[in-house]
Amino acid sequence: MVLSPSALGHFSAKRLRLWSLVRKESRQVVRDPSSIALGIVLPIVLILLFGYGLSLDVTNAPVAVVLEDPSPDATDLAASFQLSPYFDAQLLTSMPRAQELMLARKVDAIVRIRPDFSRQLSLGEAEVQVLVHGTDANRARIIQTYAQGAVGQWAARRTAEGKQVLLGPVTVQNRLWFNEANESRYFLVPGLIVLIMTLIGAFLTSLVVAREWERGTMEALFVTPVRPDEILLGKTIPYFALGMIGLVLCLLAAKFLFHVPFRGSVTLLAGVSMLYLLVALAIGLLISSTVRSQFVASQIALLVTFLPAVMLSGFLFDLRSMPAVVRVITYILPARYYVTLLQTIFLAGDIWAIILPNAAVLAGMAMLFFFLTRRVTQKKLA
Amino acid sequence: MFDSLLRILALSRKELLAILKDPRSRFSLLIPPILQCLIYGYVATYDLNDIPYAVLDQDRSAASQKLLAGLDGSKVFRRVANLNRAADIKTTINDRRALLVIQIDQDFERRLLSGQQANLQVIADGRNSNTAGTAMGYVTAIVEAFNANWRTEQGQNRSPVRLSTRAWYNPNLETRWHMIPALIGTLTLLQTLLLTGLSVAREREQGTFDQLLVTPFRPPEIMAGKALPSMLVGIVQATLVLLVAQLWFRIPFAGSFLTLYAGISLFLVASIGIGLLLSSVAATMQQAMLFSFLLIMPFSLLSGLTTPISSMPEILQYLTLINPLRYAIDIAHRVYLEGVGFRLLFPELWPLAVIGIVTLSAASWMFRHWLA
């Protein structure tokens, strides 16, 4: 029977133990170049890559415009491709040469204006042929849309000039809310925050605890008066701090480097990010306490946290278009809720109808996973 | 020479045994690639097949009904609400109930009948502007069909200018055809880097590397012994991905296997070279793992897998030239979908050979240096 110490003494001993654990863990992070690399360098590299490098937008796509009809109508149409900011149009007169360029992947598409174009046009049945290189399907589809746009603009210009009515009776006017400039960066940069939080929270943490098990230092910790809760907290606090540093870096970059519009409130963003970071940390701790091997822990962490955060969160790919089975799975992934929250807070604003339910799910998940981790981390040997 | 070969084979055998005898590492070599292949195949698509939309039809005429019927009949568009006021558009989009709102003005049919231009407003949720852009493209296609129909009914020509589009190598423009062949390189890169990096780091951490040094092995032989098993594993994984692509997703293979495997082998040599170089820097398994992860992220982001290289700024485009994954993905696409042979593939093959030679010689220099 242990003598029960005074309430104050008990509390301060506990605090002391926790504090020394946190200090040990933080020193380990700071001294190991690889954790610093993953915690600070990787976020910076990713921020720069995502902000400057990655873009789903198509500009200056190389296309060959094959002008087989020298008439003014046809030349006028070809000019509208040359003027379009979306295309880097190269004017050719022979189809075989254009096909050669396409085979060598020097151009992404061929726009063919046939010899009888102006004659057909005067009959009201002209056709412009567009051949796209389909290997990159998404890009190909965007190019098709832009080609449609270039022809549409030409038709509108001619209609306005009163030469001929070339427009269809119904014209579509598109308006893109929240992202008027149609910049993919606006959703890629907020999505990046999810990746970084997942990497630090789940991937790095899973390695750290697994290493303690693998090296037997976890057993050494068990013979000390430290309690399991304190071990968990001691592991959580430094990585939580590291994650928040990553978040601040991302936010600063988003605002000052990439000028992503920010329409919600920072407090709200910080709040939901902390919730997500807690969930990720808890998952990382759970994985590593369960498998106790660095290699396997890192593989599982990648498979259940990082990959889903990229693929199944709605960050890149639309969730509604996924097969029903996969869509059901996305509901148990925390990243899904966090991506929704981030995209809304960044681009749309504080819309409570979205924020409350998603944040509630994240809070529930954090509690569930910490409870499970606490169950797994008992002071006993396997 | 023969002795040396024998020693390399013995070491490779030991490495392979070490990899394969552990059921968990066996599992992590075979199952994740197949699983990822399936996930990417089904999930990684920019195609949309369910677009919830709302309508603000202020005209309620036969013409507007007909246009909307075109949307509803397309299987892709799902009408979630009929709005009555313009103010409702905001909440519908904000709460993510609809991706698009289609607004038809009151004079829609009147303008059509009088031969004037009628406008159709499409308001899209741009929180993911790529998805929104694709969805708006679908609307345009349906409106085009409506226009052609309307003209025929009014006794006019179908359409004065028509765009006929055709896609080479991927007639239905399926993202999957782009994604899966690219995975041959992406998935094997991850595993070969990790495997090579870890096998050296493990020996260093456990101190068995010093034991290896007192054996008759020369440093290049140790390197070769570490490289060969990773190469084998890489080839097996590439074959797995290839099998999933052909047998499960049924993506037609246009080229020759000889060309493809030649390309893959060169790519594996390059990535093993990087793995060895990395392992000569890493002191522990954890460092080896984190460093390889640190490399894989930029490699896969700058490879053209998710975003096209030609959309990147010029500096980064130059940077992709030293990325082996870029060439592996190019080779996979060109052989798999386009069916090109060695001659047209040469511009992709030689950089891989150069990367392989540079990294392997750098690694062997590091090893010797570090042993001395």
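Quick look at the values:
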| item | result |
| --- | --- |
| Amide hydrogen neighbours beyond the local backbone of A:Gln129, cut-off 5 Å, H modeled | A:Arg112, A:Arg114, B:Ser164 |
| Hz values of 3J(HN,Hα) by residue in region A:95-104 - Karplus curve (6.51, -1.76, 1.60), Gly and Pro given as x | 5, x, 4, 5, 5, 4, 4, 5, 4, 7 |
| Distant-in-sequence amide H partners of B:Gly255 (H built 1.01 Å from N, under 5 Å) | B:Gly339 |
| For region B:2-7, 3J(HN,Hα) per residue [Karplus equation, 6.51 cos²θ - 1.76 cosθ + 1.60, θ = phi - 60°, Hz, x = Gly/Pro] | 5, 4, 4, 4, 4, 5 |
| Once exposed loop GluC sites (Glu not before Pro) are cut out (DSSP; at most 15 other Cβ, 10 Å), longest piece of chain A | A:181-382 |
| Under Karplus coefficients 6.51, -1.76 and 1.60, residue-wise ³J(HN,Hα) of region A:231-248 in Hz, glycine/proline x | 4, 4, 4, x, 6, 6, 4, x, 6, 4, 4, 4, x, 5, 4, x, 4, 4 |
| For residues of A:27-34, the mean tally of beta carbons on other chains within 10 Å | 3 |
| Chain A: most fluctuating residue of A:Pro228, A:Pro72, A:Pro261 per GNM, C-alpha cutoff 10 Å | A:Pro72 |
| Long-range HN-HN contacts of B:Arg78 with modeled amide H, under 5 Å | B:Ile51, B:Tyr53 |
| Footprinting exposure proxy for A:Lys235, B:Lys75 (fewest neighbouring C-beta atoms within 10 Å first) | B:Lys75, A:Lys235 |
| Translational D in µm²/s for chain B (Stokes-Einstein at 20 °C, 1.002 mPa s, Kirkwood Rh from C-alpha pairs) | 88 µm²/s |
| In degrees, nearest ten, helix A:266-291 long axis to first principal axis of chain A (Cα) | 60 degrees |
| Shielding of B:87-95 by partner chains, average beta-carbon count, 10 Å | 2 |
| Sorted largest first, extent of region B:51-153 alpha carbons per principal axis (Å) | 38, 26, 20 |
| Burial ordering of A:Leu92, B:Leu20, A:Leu312, fewest other beta-carbon atoms within 10 Å first | B:Leu20, A:Leu92, A:Leu312 |
| Within 10 Å of each Cβ in B:298-311, the average number of Cβ atoms from other chains | 5 |
| Sum of side-chain charges, B:Asn323 neighbourhood, beta-carbon under 13 Å (Lys, Arg +1; Asp, Glu -1) | -1 |
| Relative contact order (%) - region A:199-353, alpha-carbon pairs under 8 angstrom, separation at least six | 38 percent |
| Whole-number percent relative contact order across chain A, with pairs defined as alpha carbons under 8 Å at least 6 apart | 18 percent |
| Cα centroid separation, region A:301-366 to region B:160-214 (Å) | 26 Å |
| Cβ-defined net charge surrounding A:Glu25, 12 Å radius [Lys, Arg +1; Asp, Glu -1] | +3 |
| Likely footprinting exposure, A:Leu18, B:Leu277, fewest C-beta neighbours within 10 Å first | A:Leu18, B:Leu277 |
| 15 Å beta-carbon shell around A:Val189, net charge (K/R +1, D/E -1) | +2 |
| Overall form of the protein assembly as shown per C-alpha gyration tensor (a/c, 1.5; a/b vs b/c) | oblate |
| Highest average packing first - A:268-275, B:114-121, Cβ atoms within 10 Å | A:268-275, B:114-121 |
| Packing-based order for B:263-271, B:131-139, using average beta carbon neighbours within 10 Å, highest first | B:263-271, B:131-139 |
| Tally of Lys pairs whose C-alpha atoms are under 19 Å apart, taken over the protein assembly as shown, 8 or more apart or cross-chain | 9 |
| Dipole-positive endmost among A:Ser122, A:Ala64, A:Ala309 within chain A (Cβ charges, Cα centre) | A:Ala309 |
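Where a number appears in this text, it was derived from the coordinates with a stated rule and is not lab data. Values in this document were obtained by computation on a predicted structure and should not be read as measured data. Every residue, glycine among them, receives a Cβ derived from its backbone with ideal geometry; neighbour counts consider all protein chains shown.
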